[in-house]
Amino acid sequence: MSGLRFEDILINAGIDEFDRVTGYVEFPYFHKQIEVICDEGVTAEYAAQSIRWLAEVDEALVREICQYALYYLQDELESTSIGELLPEDIQHIQEPLEVLRYMEFGSLDIKIPKDSEIPVLNLSGGCDWQEDEGLHCLIKNGHVVYMGSWNDEDVWDERLLNDDNYLFNYVLYPQREVLQQKVAERLKQNPPKKIPHLEFAMNSPVRKFVEFLLAGAEHCTPEEAWAKLDGTRLMVLLQEDSSLAWEDASLLYRCYCMERDLGAVDMEVYLWEQTH
């Protein structure tokens, strides 16, 4: 496959503002095109391999995806009032594949692999029950290893299926009660350290941004994630305007990344545009 170009495998191949190769391919199972986003450094050969893995998605895997997506939906219905805004039918789904009427995948992210021989897929899209945070599905060796809201999780992160992730990785949803007890017992034996930044409410989106999104992306503890945020212009803005702590967690994460990559000025302009 030497000499393969992205133009040979992607429809409307191009380069975005982050120097990533983008384009579109057919997702055969769903008979639709989805966007492909290749991180800088990904080769056309590996992208072609990933697209072949996408073409191999069959009903068995889709059924597995739908089962975990259904857990995600059920948890949102049980823990929020979103059901009041959704069609009656969505609240009584029995067959997992029925959830496809309320969700869709829109993009395939291809990142530099740790092992190019292991099939992985990084799919994201939208769902009716969580329009702001969407849907993120990571597949490795033919099985789902993460299903939940989008938070830039890494398919190669072996901690995805750790007990502590039972609250946001719906692959672990069937074991939630058992895992909750295990985590509670572990916390009893090893009490947690002092909670950082108590000025931010425990249920505020800023905590999800720092303790899940940022900690997950940086592969660090929540305490270390708070330390990374300290000293940034974003933290100053959060402390100056308490309402910002209630903005969407994914927006705050994008602002953090923007300040890191482009500088505080661009980040502050972007944050103002998104919140006014």
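The values are calculated or read from the model by the stated rules, or taken from the named source; none is laboratory data. Predicted model only: the values in this text are computed from it and were never measured. Glycine gets a Cβ as well: all are built from the backbone with ideal geometry, and neighbour counts include every protein chain shown. Quick note on the areas: whole protein, heavy atoms, side chains included, nothing else; ligands and nucleic acids left out. Shrake-Rupley method; radii C 1.70, N 1.55, O 1.52, S 1.80 Å.
Counting only residues that are farther than 21 Å from Asn169 by Cα, modelled with pLDDT of 95 or more and open to solvent by 30 Å² or more (accessible area, probe 1.4 Å), segment 54-89 holds 4 of them. Under the condition of being open to solvent by 20 Å² or more (accessible area, probe 1.4 Å) and at pLDDT 95 or above, the residues counted in segment 90-100 number 3.
One residue alone among Val269, Val171, Val183 is of a type outside the set (Phe, Trp, Tyr) and closer than 20 Å to His136 by Cα, and that residue is Val171. Residues that are closer than 17 Å to Ala215 by Cα, surrounded by fewer than 16 Cβ atoms within 10 Å (Cβ to Cβ) and among the β-branched types (Val, Ile, Thr) within segment 227-248 are absent altogether. Kindly indicate whether any position in segment 192-203 is in contact with a strand residue (DSSP E or B) (Cβ under 8 Å, 6 or more places away or on another chain), among the aliphatic types (A, V, I, L, M), at pLDDT 80 or above and under 26 Å from Asp132 (Cα atoms). No. Selection of first residues in segment 224-242 that are modelled with pLDDT under 90 and of second residues that are hydrophobic (A, V, I, L, M, F, W, C), restricted to Cβ pairs under 9 Å at least 6 apart or on distinct chains, gives the following pairs, ordered by first then second residue: Ser242/Phe200.
Restricting to segment 133-191, and then to whatever is hydroxyl-bearing (Ser, Thr, Tyr) and either touching a Ser or Thr at 6+ places or on another chain (Cβ under 9 Å) or at pLDDT 85 or above (or both), can you tell me which residue is nearest to Glu117 (Cα to Cα)?
We begin by selecting, within segment 133-191, every residue hydroxyl-bearing (Ser, Thr, Tyr); these are 146, 149, 166, 170, 173.
Checking which are either touching a Ser or Thr at 6+ places or on another chain (Cβ under 9 Å) or at pLDDT 85 or above (or both) leaves us with 146, 149, 170, 173.
Details: Tyr146: 20, Ser149: 27, Tyr170: 26, Tyr173: 29 Å.
Once the filter is applied, the top-ranked residue is Tyr146.
Cβ separations smaller than 8 Å between residues 6+ apart or across chains give the following pairs from segment 75-103 residues that are in contact (Cβ under 8 Å) with a residue 60 or more places away in the chain to residues that are in a helix (DSSP H, G or I) and open to solvent by less than 50 Å² (accessible area, probe 1.4 Å): Asp75/Tyr170; Asp75/Tyr173.
Considering only residues that are more than 30 Å from Pro87 (Cα to Cα) and either of a type in the set (Gly, Ala, Ser) or within 14 Å of the chain's Cα centre (by Cα) (or both), look in segment 112-125 and name the one that is most open to solvent (accessible area, probe 1.4 Å).
Residues of segment 112-125 more than 30 Å from Pro87 (Cα to Cα): 112-121.
Next, from what is left, pick out any that are either of a type in the set (Gly, Ala, Ser) or within 14 Å of the chain's Cα centre (by Cα) (or both): 116, 121.
Numbers: Ser116: 57, Leu121: 10 Å².
Only one residue fits best here, namely Ser116.
For Arg207, the requirement of being among the basic types (Lys, Arg) and open to solvent by less than 50 Å² (accessible area, probe 1.4 Å) is met.
The one condition from (1) more than 29 Å from Leu172 (Cβ to Cβ); (2) outside any loop (DSSP other than H, G, I, E, B); (3) of a type in the set (A, V, I, L, M, F, W, C); (4) touching a residue at least 40 places away in the same chain (Cβ under 8 Å) that Ala13 does not meet is (4). Any residue at all in segment 38-48 that is open to solvent by less than 20 Å² (accessible area, probe 1.4 Å), of a type outside the set (Val, Ile, Thr), in a strand (DSSP E or B) and free of Cβ contacts under 8 Å to residues at least 40 places away in the same chain? Looking through segment 38-48, none of the residues is open to solvent by less than 20 Å² (accessible area, probe 1.4 Å), of a type outside the set (Val, Ile, Thr), in a strand (DSSP E or B) and free of Cβ contacts under 8 Å to residues at least 40 places away in the same chain.
Give segment 16-34 a look and list any residue that's in a strand (DSSP E or B) and surrounded by fewer than 18 Cβ atoms within 10 Å (Cβ to Cβ), or say none. Correct list: Thr22, Tyr24, Glu26, Lys32, Gln33. For segment 48-63, the candidate set comprises residues that are small (Gly, Ala, Ser) and closer than 14 Å to Asn122 by Cα; within that set, the residue that is farthest from the chain's Cα centre (by Cα) is Ala55.
Here segment 3-15 is the region considered, the condition is being surrounded by fewer than 17 Cβ atoms within 10 Å (Cβ to Cβ) and touching a helix residue (DSSP H, G or I) at 6+ places or on another chain (Cβ under 8 Å), and the residue that is nearest to Asp261 (Cα to Cα) is Arg5. Within segment 32-55, the set of residues being within 23 Å of Pro96 (Cα to Cα) and touching a helix residue (DSSP H, G or I) at 6+ places or on another chain (Cβ under 9 Å) comprises Ile34, Leu54, Ala55.
In a residue-by-residue description of segment 187-208, the property of being in a helix (DSSP H, G or I) and of a type in the set (Asp, Glu) applies to no position.
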